[in-house]
1. Mean-square fluctuation check for the chain, GNM, Cα pairs under 10 Å: which of GLN259, GLN129, GLN159 is largest?
2. Out of ILE255, ILE184, ILE56, any idea which swings most in a Gaussian network model of the chain, alpha carbons joined below 10 Å?
3. For the range 136-237, what class follows from the C-alpha gyration tensor (a ≥ b ≥ c being the square roots of its eigenvalues): rounded when a/c is under 1.5, otherwise prolate if a/b is larger than b/c, else oblate?
4. If each DSSP helix of 4+ residues adds -39,500 (n - 2.57) and the sum is divided by the residues in the chain, what number results at 222 nm, nearest 500 deg cm²/dmol?
5. List the residues whose amide H sits under 5 Å from the amide H of THR134, counting only those 5 or more places along or on another chain, with H placed 1.01 Å from N in the peptide plane.
6. Between LYS100 and residues 5 or more places away or on another chain, which pairs have amide H atoms under 5 Å apart, with H built 1.01 Å from N, and which residues are they?
7. Tell me the label-point distance for the pair GLU138, THR222, using the 7 Å Cα-to-Cβ offset, in nm and rounded to one decimal.
8. Say each of SER29 and GLN159 gets a label point 7 Å from the Cα, pointing the same way as Cα to Cβ; how far apart are those two points in nm?
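Please treat every number below as a calculation from the coordinates, not as lab data. Just so we're clear, the structure is a prediction, and the values are computed from it rather than from any experiment. With ideal geometry, Cβ positions are generated from the backbone for all residues, glycine too; neighbour counts draw on all protein chains shown.
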Amino acid sequence: MSYSFLRESKLYIVYGGNKYRIYTSSAISLDQTFAEESYSVKTLHDQSKMFEGSKITKANPASFSFDIPLTIEKDESIMLTLATELDATSEGGITVQKLKSFDAYIQTGSSTFKLEGAVITGATFDFVQENQFTLRLEGQGKKLTRAGTESFTIPGSAQSESSTRTPLIVYPYLTMDSLNMSSIISCNLQIQNGISWLDNETVHNTQSVTNSSNAIFPTNYTLDSRTASGEVRQYQTDNNVAQFDDFSTTTNMTIKAFQIGKPSDGTPFFQIQLNPVMYTARMQTEEVYSQSYDFRSLDNTALQSRITQYS
């Protein structure tokens, strides 16, 4: 008997005919459930059946999440592309925006699982000096299946890997128009893609369902919304105390991530420009007074092009 251990799992991303080995820094989470419909068995002529019947014909969207350290070698840059770029697709003669779709394979010591038609619905960048610079991802997919054993051949042209993977710790450096953005405690940026899966049930296909192998799985979705937002926390000092009750809807914001030990007047490891953003500032009374800026980008098109530095 062979058990599957999470710590032995390997993650592969297949996109555009290419296969990428992705190294995660935390547990990989993935699952898919089936939707149950209950119905009353009791009838007017038979009141004794005090229970409900069950009917299962379709699966809910699969879900996944994992964290990826952004390394100096940038072997995980494909995940930034999948998280930030959109594809223009024609549906019924109308051009719509879609998230980039990929297949994910998780290989354990005894099995290989496949997640088909996956899309990233949430991506979070954490700019915290105490932790590794990490991209936290979550998303959904069409179908989760067991593709084969641990020796299953994952499709795609294998992309070359660096001989090393070097995570790094960064510190944030921000500019927000004329605000004094020194004494930064932390910063994060979240990209959220709001999607709705379309119902593809029909009377015909529900009647043909006998088990999980021919159940109805999600096939298409609509992209309803997209937001890029986050929070900046700053120590309150005599130089910025006047900002604690401020707000704006026309601010030009730049977030830079510098590797610890490198000066802020050099080249950052990561940089994104958001213009315009709205923000509201509020004071937080702790042992040391601080203030928080909650911000949201007002133009969420072409987020990939707003990442102006990643080296």
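1. GLN159
2. In the Gaussian network model the winner is ILE56.
3. In terms of gyration-tensor shape, oblate.
4. Mean residue ellipticity at 222 nm (helix-derived): -1000 deg cm²/dmol.
5. Residues meeting the criterion, in which the H sits 1.01 Å from N, are LEU70, ASP126.
6. Long-range HN contacts for LYS100: ASP87.
7. For GLU138 paired with THR222, the spin-label model returns 2.4 nm.
8. 2.6 nm
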